[in-house]
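As structure tokens, the structure follows; a few thoughts come after it.
What follows draws every value from the coordinates through simple rules; no lab data is involved. Quick caveat: nothing in here was measured; it's all calculated off a predicted structure. Neighbour counts are summed over all protein chains in view; Cβ atoms, including those assigned to glycine, are modelled from backbone coordinates with ideal geometry.
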Amino acid sequence: MCDGYSTKTSHIPKSHQAHRDWSPGRFLNWAADIGPCTAEVVKRQLEDRPHPEHGYRACLGLLNLSKRYDPTRLERACERVLAIRSASYQSVASILKQGLDQRPLEDENGTLGELPLHGNVRGAGYYH
């Protein structure tokens, strides 16, 4: 019985052998080129697992989003996932897909700004 992970190069599928040369530094440098929030999300992907290599696929997926979306959008999406404490690939991809990165983050008071006035907005007085 083995307590750790062990992999022989000959047992790695050919499609995965190219990943063998990746390193946390490579992902962190790529992320830093996009922005500090992206770098922080990548850092968490690498640190939140027993071995950094377990986070490589999530990091690659996250960074490849910069090919489908403008890197500034990716950076804003990463800023948002850090703000909501959900720094995962799925959260970033969902924010980008729904365009939430293009909406303002909450301000210091925890509000998103003024609500539109219409008949369905009752206001605080309704509940007293």
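Listing 80, 26 from fewest to most neighbouring C-beta atoms within 10 Å gives 26, 80. When the alpha-carbon atoms of region 22-104 are used, the pair Rg, Dmax equals 11.5, 35 angstrom.
Only the Cβ atoms of Lys and Arg (+1) and of Asp and Glu (-1) were treated as charged; on that basis the dipole of region 22-104 about its Cα centre amounts to roughly 240 debye.
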